[in-house]
1. For the chain, with every protein chain kept in place, what is the accessible area per residue (1.4 Å probe, Å²)?
2. Computing the accessible area with a 1.4 Å probe over protein heavy atoms, can you report the carbon and sulfur percentage for the chain?
3. Select from Ala3, Leu21, Ser39 the residue farthest towards the positive end of the dipole of the chain; place +1 on Cβ of Lys and Arg, -1 on Cβ of Asp and Glu, and compute about the Cα centre.
4. May I ask you to give the average projected area over all directions of the convex hull of the Cα atoms of the chain, in nm² rounded to one decimal?
5. Helix-only mean residue ellipticity at 222 nm, the chain, DSSP H runs n ≥ 4 weighted -39,500 (n - 2.57), per residue, nearest 500. What is it?
6. Taking every alpha carbon pair in region 44-84, what does the distance histogram look like in 10 angstrom bins from 0, in percent?
7. Hey, in the GNM for the chain with a 10 angstrom Cα cutoff, which one of Ala47, Ala66, Ala13 fluctuates hardest?
8. Taking θ as phi - 60°, what are the ³J(HN,Hα) couplings along region 12-27 by the Karplus curve (6.51, -1.76, 1.60), each to the nearest whole Hz, with x for Gly and Pro?
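The values are calculated or read from the model by the stated rules, or taken from the named source; none is laboratory data. Bear in mind that the values here come from a model prediction, so they are computed numbers and not experimental data. So basically every Cβ, Gly included, is an ideal-geometry build from the backbone, and we count neighbours across all protein chains shown. The accessibility values were calculated without ligands, DNA or RNA, using every heavy atom of the protein model including side chains. Shrake-Rupley method; radii C 1.70, N 1.55, O 1.52, S 1.80 Å.
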Amino acid sequence: MIAVPIAPGKSSATLILFQDLTELRNLQTMRRELIGNISHDLKTPIAGIKAMVETLQDGAINDKKAAMDFLTRIDGEVNRLTQNG
């Protein structure tokens, strides 16, 4: 609710405006939830990719079988993140 004097200095002339903000607040909540979901959907695979890269950097690159496994998994995660539709 907003109260605005129509004629300054006259307390009896006031315009009162009522506005239902329910839909606006619902849309803001939906937006926050969407952003949270998108953030989670990106952070999870990126954290996995980072962990695999760090493992390779820490020496797993010298184990050909493990290195190929990590690279295949990283490639799969990147493909999943970049797929259309």
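1. 87
2. 58
3. Ala3
4. Working: hull surface 41.6 nm².
Taking a quarter of the hull surface, the average projection is 10.4 nm².
5. Value at 222 nm, helices only, nearest 500: -23000 deg cm²/dmol.
6. Bins of 10 Å from zero give 33, 51, 15, 1 percent of pairs.
7. Ala13
8. Rounded to whole hertz, the list is 7, 10, 9, 9, 10, 10, 9, 9, 7, 9, 4, 5, 4, 5, 5, 5.
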